[in-house]
1. As an exercise: evaluate residue 183 against (1) surrounded by 10 or more Cβ atoms within 10 Å (Cβ to Cβ); (2) part of a loop (DSSP other than H, G, I, E, B) and give the number of the one condition it does not meet.
2. Only one of 196, 133 is part of a helix (DSSP H, G or I) and within 22 Å of residue 92 (Cα to Cα); which?
3. Within the stretch 106-132, count every residue that is modelled with pLDDT of 85 or more and either over 24 Å from residue 81 (Cβ atoms) or out of contact with any strand residue (DSSP E or B) (no Cβ under 8 Å at 6 or more places or on another chain) (or both).
4. Check off (1) out of contact with any helix residue (DSSP H, G or I) (no Cβ under 9 Å at 6 or more places or on another chain); (2) surrounded by 10 or more Cβ atoms within 10 Å (Cβ to Cβ); (3) not assigned by TED's automatic domain parsing to the domain that holds residue 87 for residue 218 and give me the number that stays unchecked.
5. Tell me which residues, restricted to the stretch 108-122, are in a strand (DSSP E or B) and more than 10 Å from residue 88 (Cβ to Cβ).
6. Does residue 157 satisfy being in contact with a helix residue (DSSP H, G or I) (Cβ under 6 Å, 6 or more places away or on another chain) and either farther than 30 Å from residue 83 by Cα or not assigned by TED's automatic domain parsing to the domain that holds residue 95 (or both)?
7. Might you check whether a residue that is loosely packed, with under 13 Cβ neighbours inside 10 Å, in a strand (DSSP E or B), at pLDDT below 90 and in contact with a helix residue (DSSP H, G or I) (Cβ under 9 Å, 6 or more places away or on another chain) occurs anywhere in the stretch 88-98?
């Protein structure tokens, strides 16, 4: 159950990492999404642990074992008067095949594939203590492996988040510098525009003044008299 729950999260992590590396410019939404993924991985692991405990309880309902301290005898029939086939050691896992009509004996199959009858009072349902301990140790190893894997993924994602935050800060700083340069250029453009307008005004004034002065000069120049021809 733990491995099945962690596999999709790891697969999603690789997809997400590939997608994030293809992004040209990181944003705050990307960083928040990655943080959410880290928390979701931890929550999925806790949910898998809870589910595994319920599955362990369900599996115990289908298992039987011998509860005697040392061993119990296996008979050829449902009663002590039947011939003894052998003995079954305590804590040996067995399979329940059927029970006698009076409910006092049960036919079982042991771990050596032997079939015989034992007293129902010597059977217990579920798992032996050693089996429970072994299963728990195995689950603990699996959980520890999953935790270490998730820690590695979280550490890698945290490192990637740090890199993206640094890149974002650098790009924000670059945007600020670009805005400052834009303002300086805008001021220079406005100043240059004002200079051009002033130059045009000066040139216009010079042209108008020159035209006025030329008109005044022309008005004071002596006019040539028209020659009158005498006709005989």
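The values are calculated or read from the model by the stated rules, or taken from the named source; none is laboratory data. Note that this is a predicted model, so its numbers are computed, not measured. Ideal geometry is used to build each Cβ from the backbone, glycine not excepted, and the neighbour counts take in all protein chains shown.
1. That leaves (2) as the condition not met.
2. On the way: 196 fails: within 22 Å of residue 92 (Cα to Cα).
The conditions single out 133.
3. Narrowing the stretch 106-132 to residues modelled with pLDDT of 85 or more: 106-123.
Cutting the leftovers down to either over 24 Å from residue 81 (Cβ atoms) or out of contact with any strand residue (DSSP E or B) (no Cβ under 8 Å at 6 or more places or on another chain) (or both) gives us 111-113, 121.
Of the residues in the stretch 106-132, 4 are modelled with pLDDT of 85 or more and either over 24 Å from residue 81 (Cβ atoms) or out of contact with any strand residue (DSSP E or B) (no Cβ under 8 Å at 6 or more places or on another chain) (or both).
4. Evaluating residue 218 over (1) out of contact with any helix residue (DSSP H, G or I) (no Cβ under 9 Å at 6 or more places or on another chain); (2) surrounded by 10 or more Cβ atoms within 10 Å (Cβ to Cβ); (3) not assigned by TED's automatic domain parsing to the domain that holds residue 87 leaves (2) as the failure.
5. 109, 115, 117, 119
6. yes
7. no
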